[in-house]
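Report on one structure; see the data block that follows.
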Amino acid sequence: MVQELYSILDNVIYLDIETTGLDEKGSEIIEIGAVKIKEGVITTYSTLIRPRGRVPVGIYNLCAGLTERDLLSARSLNNVKEEVLEFLENLPLVCHNSNFERKFLYYHFPEIKNEIMDSMEFAAILEPWRKEFNLEALFREITNIKKTEAHRGLEDSIDTLKVVNSLILRQWAREERSSKKNKSLYEII
(Lines give C-alpha, C1' and ligand atoms only; values in the text may rest on other atoms or scores of the structure.)
Protein backbone atom coordinates (compact mmCIF):
# COMPACT_ATOMS: atom_id res chain seq x y z
CA MET A 1 0.00 0.00 0.00
CA VAL A 2 2.84 2.43 0.83
CA GLN A 3 4.26 1.98 -2.67
CA GLU A 4 1.04 3.41 -4.12
CA LEU A 5 1.15 6.58 -2.00
CA TYR A 6 2.55 9.94 -3.04
CA SER A 7 2.48 13.24 -1.21
CA ILE A 8 2.98 16.70 -2.67
CA LEU A 9 3.91 17.91 0.81
CA ASP A 10 7.13 16.66 2.39
CA ASN A 11 8.21 16.43 6.01
CA VAL A 12 4.69 16.09 7.41
CA ILE A 13 2.61 13.39 9.06
CA TYR A 14 -1.03 12.76 8.20
CA LEU A 15 -2.63 11.50 11.41
CA ASP A 16 -6.02 10.23 12.49
CA ILE A 17 -7.30 8.82 15.76
CA GLU A 18 -10.40 6.85 16.67
CA THR A 19 -11.93 7.35 20.10
CA THR A 20 -14.68 5.99 22.33
CA GLY A 21 -16.49 9.34 22.39
CA LEU A 22 -16.21 13.07 21.81
CA ASP A 23 -14.99 14.27 25.22
CA GLU A 24 -11.23 13.90 25.67
CA LYS A 25 -11.50 13.65 29.48
CA GLY A 26 -14.16 10.94 29.59
CA SER A 27 -13.30 9.11 26.37
CA GLU A 28 -10.26 7.16 25.25
CA ILE A 29 -8.14 6.88 22.13
CA ILE A 30 -8.55 3.36 20.77
CA GLU A 31 -6.70 3.64 17.46
CA ILE A 32 -3.95 5.75 15.93
CA GLY A 33 -3.05 5.71 12.25
CA ALA A 34 -0.45 7.88 10.56
CA VAL A 35 1.40 8.36 7.29
CA LYS A 36 4.82 10.00 7.59
CA ILE A 37 6.50 11.69 4.62
CA LYS A 38 10.06 12.55 5.57
CA GLU A 39 12.66 13.50 2.96
CA GLY A 40 10.44 11.87 0.33
CA VAL A 41 10.26 8.53 2.16
CA ILE A 42 6.77 7.34 3.11
CA THR A 43 6.18 5.16 6.17
CA THR A 44 3.01 4.26 8.00
CA TYR A 45 2.09 3.60 11.61
CA SER A 46 -1.03 1.95 12.93
CA THR A 47 -1.93 0.65 16.36
CA LEU A 48 -4.97 -0.26 18.37
CA ILE A 49 -5.05 0.79 22.02
CA ARG A 50 -6.75 -1.29 24.71
CA PRO A 51 -9.32 0.86 26.50
CA ARG A 52 -9.53 0.93 30.29
CA GLY A 53 -13.32 1.18 30.20
CA ARG A 54 -16.15 -0.11 28.08
CA VAL A 55 -16.46 0.84 24.42
CA PRO A 56 -19.92 1.92 23.24
CA VAL A 57 -21.40 -0.63 20.82
CA GLY A 58 -21.90 2.11 18.22
CA ILE A 59 -18.13 2.52 17.91
CA TYR A 60 -17.84 -1.02 16.54
CA ASN A 61 -20.51 -0.21 13.97
CA LEU A 62 -18.76 3.04 13.04
CA CYS A 63 -15.23 1.59 12.78
CA ALA A 64 -15.55 -1.06 10.06
CA GLY A 65 -13.91 -4.35 10.97
CA LEU A 66 -13.05 -3.38 14.55
CA THR A 67 -14.01 -5.96 17.16
CA GLU A 68 -13.99 -6.08 20.94
CA ARG A 69 -11.50 -8.94 20.74
CA ASP A 70 -9.13 -6.71 18.72
CA LEU A 71 -9.22 -4.01 21.36
CA LEU A 72 -8.92 -6.36 24.32
CA SER A 73 -5.78 -7.90 22.81
CA ALA A 74 -4.23 -4.49 22.02
CA ARG A 75 -1.52 -2.80 24.08
CA SER A 76 -2.35 -0.10 26.61
CA LEU A 77 -1.83 3.60 25.95
CA ASN A 78 1.21 3.64 28.25
CA ASN A 79 2.76 0.76 26.28
CA VAL A 80 2.42 2.53 22.91
CA LYS A 81 3.17 6.09 24.04
CA GLU A 82 6.96 6.04 23.46
CA GLU A 83 6.50 4.36 20.07
CA VAL A 84 3.95 6.97 18.96
CA LEU A 85 6.12 9.88 20.10
CA GLU A 86 9.13 8.41 18.29
CA PHE A 87 7.15 8.06 15.06
CA LEU A 88 5.77 11.60 15.25
CA GLU A 89 9.17 13.20 15.94
CA ASN A 90 8.64 16.96 15.73
CA LEU A 91 7.11 16.98 12.25
CA PRO A 92 3.91 18.95 11.62
CA LEU A 93 0.74 16.87 11.82
CA VAL A 94 -2.03 17.18 9.25
CA CYS A 95 -5.39 16.10 10.67
CA HIS A 96 -8.88 16.42 9.29
CA ASN A 97 -10.88 18.42 11.85
CA SER A 98 -7.75 19.06 13.88
CA ASN A 99 -9.64 20.54 16.84
CA PHE A 100 -10.85 17.04 17.69
CA GLU A 101 -7.43 15.39 17.36
CA ARG A 102 -5.68 18.29 19.08
CA LYS A 103 -7.77 18.10 22.26
CA PHE A 104 -7.37 14.30 22.51
CA LEU A 105 -3.66 14.26 21.67
CA TYR A 106 -2.78 17.10 24.03
CA TYR A 107 -4.81 15.52 26.84
CA HIS A 108 -3.63 11.90 26.43
CA PHE A 109 -0.13 12.71 25.10
CA PRO A 110 0.89 15.95 26.84
CA GLU A 111 4.43 15.39 25.51
CA ILE A 112 3.28 16.13 21.96
CA LYS A 113 4.39 19.59 20.91
CA ASN A 114 3.96 19.15 17.14
CA GLU A 115 2.22 21.84 15.15
CA ILE A 116 -1.17 20.54 14.03
CA MET A 117 -2.68 21.72 10.75
CA ASP A 118 -6.28 21.21 9.69
CA SER A 119 -7.05 19.81 6.23
CA MET A 120 -10.74 20.72 6.67
CA GLU A 121 -9.80 24.37 7.11
CA PHE A 122 -7.44 24.08 4.13
CA ALA A 123 -10.34 22.81 2.01
CA ALA A 124 -12.62 25.62 3.24
CA ILE A 125 -10.01 28.22 2.30
CA LEU A 126 -9.26 26.82 -1.17
CA GLU A 127 -12.82 25.81 -2.11
CA PRO A 128 -15.24 27.81 0.08
CA TRP A 129 -18.22 27.12 -2.20
CA ARG A 130 -18.49 23.51 -0.99
CA LYS A 131 -21.51 22.49 1.08
CA GLU A 132 -19.70 19.78 3.06
CA PHE A 133 -16.17 19.61 4.40
CA ASN A 134 -16.20 16.27 6.19
CA LEU A 135 -13.52 13.84 5.04
CA GLU A 136 -15.89 11.40 3.37
CA ALA A 137 -17.58 14.10 1.26
CA LEU A 138 -14.30 15.74 0.25
CA PHE A 139 -12.73 12.40 -0.62
CA ARG A 140 -15.71 11.38 -2.75
CA GLU A 141 -16.10 14.73 -4.54
CA ILE A 142 -12.46 15.75 -5.00
CA THR A 143 -10.69 12.47 -5.71
CA ASN A 144 -13.56 10.82 -7.63
CA ILE A 145 -12.65 7.52 -5.96
CA LYS A 146 -15.65 5.47 -4.88
CA LYS A 147 -15.34 3.73 -1.52
CA THR A 148 -17.22 3.21 1.70
CA GLU A 149 -16.18 5.10 4.81
CA ALA A 150 -14.35 2.82 7.24
CA HIS A 151 -13.57 5.30 10.06
CA ARG A 152 -10.25 3.65 10.77
CA GLY A 153 -7.07 5.46 11.75
CA LEU A 154 -4.65 4.57 8.96
CA GLU A 155 -7.29 4.58 6.22
CA ASP A 156 -8.50 8.04 7.23
CA SER A 157 -4.90 9.30 7.33
CA ILE A 158 -4.38 8.04 3.78
CA ASP A 159 -7.66 9.62 2.68
CA THR A 160 -6.56 12.95 4.21
CA LEU A 161 -3.28 12.75 2.29
CA LYS A 162 -5.18 12.15 -0.96
CA VAL A 163 -7.60 15.01 -0.28
CA VAL A 164 -4.76 17.45 0.47
CA ASN A 165 -2.90 16.35 -2.70
CA SER A 166 -6.07 16.82 -4.75
CA LEU A 167 -6.81 20.23 -3.25
CA ILE A 168 -3.30 21.45 -4.08
CA LEU A 169 -3.45 20.09 -7.63
CA ARG A 170 -6.88 21.62 -8.18
CA GLN A 171 -5.59 25.00 -6.95
CA TRP A 172 -2.61 24.83 -9.30
CA ALA A 173 -4.93 23.97 -12.21
CA ARG A 174 -7.19 26.95 -11.38
CA GLU A 175 -4.16 29.24 -11.28
CA GLU A 176 -2.90 27.95 -14.63
CA ARG A 177 -6.29 28.76 -16.21
CA SER A 178 -6.53 32.14 -14.51
CA SER A 179 -6.07 35.21 -16.71
CA LYS A 180 -4.73 37.15 -13.70
CA LYS A 181 -0.98 37.27 -13.44
CA ASN A 182 -0.75 37.13 -9.65
CA LYS A 183 1.83 34.92 -8.01
CA SER A 184 0.61 31.36 -8.02
CA LEU A 185 0.43 29.08 -4.99
CA TYR A 186 3.28 27.12 -6.58
CA GLU A 187 5.48 30.23 -6.75
CA ILE A 188 4.62 31.18 -3.19
CA ILE A 189 5.46 27.71 -1.90
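Here are some notes:
- In terms of accessible area, using a 1.4 Å probe and ignoring ligands and nucleic acids, 46, 157 rank largest first as 46, 157.
- Cut-off under 5 Å, modelled amide H: who pairs with residue 31 long-range: 18, 49
- Distance from the C-alpha centroid of the stretch 129-156 to that of the stretch 16-40: 17 Å, rounded to the whole angstrom.
- Tensor-based shape of the stretch 105-181 (alpha-carbon gyration tensor, a/c under 1.5 rounded, otherwise prolate or oblate): oblate
- Less than 5 angstrom separates the built amide H of residue 116 from those of 93, all sequence-distant by 5 or more or on a different chain.
- The per residue volume of the convex hull around the alpha-carbon atoms of the stretch 115-156 is 84 Å³.
- Helix 153-177 and the long axis of the chain differ in direction by around 10°, with both axes built from C-alpha atoms.
- Crossing angle, helix 77-88 versus the chain [Cα axis fit, 0-90 degrees, rounded to tens]: 20 degrees
- Loop chymotrypsin sites (Phe, Trp or Tyr not before Pro), the stretch 26-135, which have at most 14 other Cβ atoms in a 10 Å radius of their Cβ (DSSP): 129
- Rg over Rh, two decimals, the stretch 79-150 (C-alpha only, Kirkwood Rh): 1.06
- Coupling constants for the stretch 34-49 follow from the phi torsions by the Karplus curve (6.51 cos²θ - 1.76 cosθ + 1.60, θ = phi - 60°), and in residue order they are 8, 10, 9, 10, 10, 6, x, 9, 9, 10, 10, 9, 8, 8, 8, 10 Hz; glycine and proline get x.
- Measuring how big the stretch 58-189 is from its alpha-carbon positions, Rg and Dmax come out at 17.7, 58 Å.
- Taking amide H positions as modeled 1.01 Å from N, with prolines and chain starts lacking one, no residue 5 or more places away or on another chain lies under 5 Å from residue 9.
- Each Lys and Arg contributes +1 and each Asp and Glu -1, all at the Cβ; summed about the Cα centre of the chain, the dipole is approximately 420 debye.
- Low-density loop cleavage sites - trypsin sites (Lys or Arg not before Pro) in the stretch 51-136, where at most 16 other Cβ are within 10 Å (DSSP): 52, 54, 113, 130, 131
- Dimensions (Å) - the stretch 1-100, Cα atoms, principal axes, largest first: 40, 26, 25
- The calculated 222 nm mean residue ellipticity attributable to helices in the chain amounts to -11500 deg cm²/dmol, summing -39500 (n - 2.57) over DSSP H runs of n ≥ 4 and dividing by all residues.
The values are calculated or read from the model by the stated rules, or taken from the named source; none is laboratory data. Computed from a predicted model, the values in this text were never measured in an experiment. Every residue, glycine as well, gets a Cβ built from its backbone with ideal geometry; the counts of neighbours run over all protein chains shown. The protein model used for the area step is the full one, side chains on, heavy atoms only, and it has no ligands, DNA or RNA in it. Shrake-Rupley method; radii C 1.70, N 1.55, O 1.52, S 1.80 Å.
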